[in-house]
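Notes for the one structure printed next.
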Amino acid sequence: SFGSISVSANDVTDTAEVGKFSVNLMAAGSLTNAMTLTTTSLSCTELIEISDVRMKENIIPVDLEQSYNKIMDLNLVDYNFISDDTKRVHRGLIAQELREVIPDAVIISEDHGYADFHHVATKELTGYMMGAFQHLAKKFNDLEAKYDYLKTKYDTM
């Protein structure tokens, strides 16, 4: 056996069931959990995405300031999910608002009983966050160089 897939649910006799989908794969001679999917989470050791240059075309440098401006336009909020009885507080974005700023970071599909359910594609946000960080780092480095120049100039007077 190279692995197994299992689907389980507890208390399937009422509306309180909790389902779980698990993928187990062989690693170093023993069966190891590779991924678990529930209605509220996806758990895996490492999530990887295709990024090989051989799979890409039309590669152009990013406008770092544009990335920064888009990230600054986002409305970061604290919230809890209506269905979560514990009312655990999460921090994040409202997909409908995100769609107005970075449309490619929102996927719309039929889900949860809605024809236009909005999902956040965090992969698309990562590039904007990296661009914003690089923009701020460049600004910081520029200011630091100006400070060092002025300090040297006035220290010699």
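The values are calculated or read from the model by the stated rules, or taken from the named source; none is laboratory data. The shown structure was predicted, so the numbers you read here are calculated from the model rather than taken from an experiment. Using ideal geometry, Cβ is built from the backbone for each residue, glycine included, and neighbour counts are taken over all protein chains shown. In case anyone asks, the SASA skips ligands and DNA or RNA and just uses the protein heavy atoms, side chains included. Shrake-Rupley method; radii C 1.70, N 1.55, O 1.52, S 1.80 Å.
Return yes when PHE21 is of a type in the set (A, V, I, L, M, F, W, C) and closer than 27 Å to VAL101 by Cα and no when it is not. Judged against the criteria, PHE21 is not a match. The set of residues in region 36-84 that are in contact with a helix residue (DSSP H, G or I) (Cβ under 7 Å, 6 or more places away or on another chain), under 22 Å from ILE94 (Cα atoms) and β-branched (Val, Ile, Thr) contains only ILE71. Only a single item in (1) within 24 Å of the chain's Cα centre (by Cα); (2) open to solvent by less than 80 Å² (accessible area, probe 1.4 Å) is not met by ILE82, and it is number (2). Scoring ALA137 on the criteria (1) surrounded by fewer than 12 Cβ atoms within 10 Å (Cβ to Cβ); (2) more than 23 Å from PRO61 (Cα to Cα) leaves a single failure, condition (2). The number of residues in region 91-118 being surrounded by fewer than 13 Cβ atoms within 10 Å (Cβ to Cβ), in a strand (DSSP E or B) and out of contact with any Asp or Glu (no Cβ under 7 Å at 6 or more places or on another chain) comes to 6.
For first residues located in region 129-157 and touching a residue at least 60 places away in the same chain (Cβ under 8 Å) and part of a loop (DSSP other than H, G, I, E, B), partners that are open to solvent by 100 Å² or more (accessible area, probe 1.4 Å) and of a type outside the set (S, T, N, Q) and lie 6+ apart or on another chain with Cβ distances below 9 Å do not occur. Taking the condition of being over 20 Å from ASP84 (Cα atoms) and loosely packed, with under 12 Cβ neighbours inside 10 Å, how many residues in region 13-62 meet it? Qualifying residue count for the region: 21.
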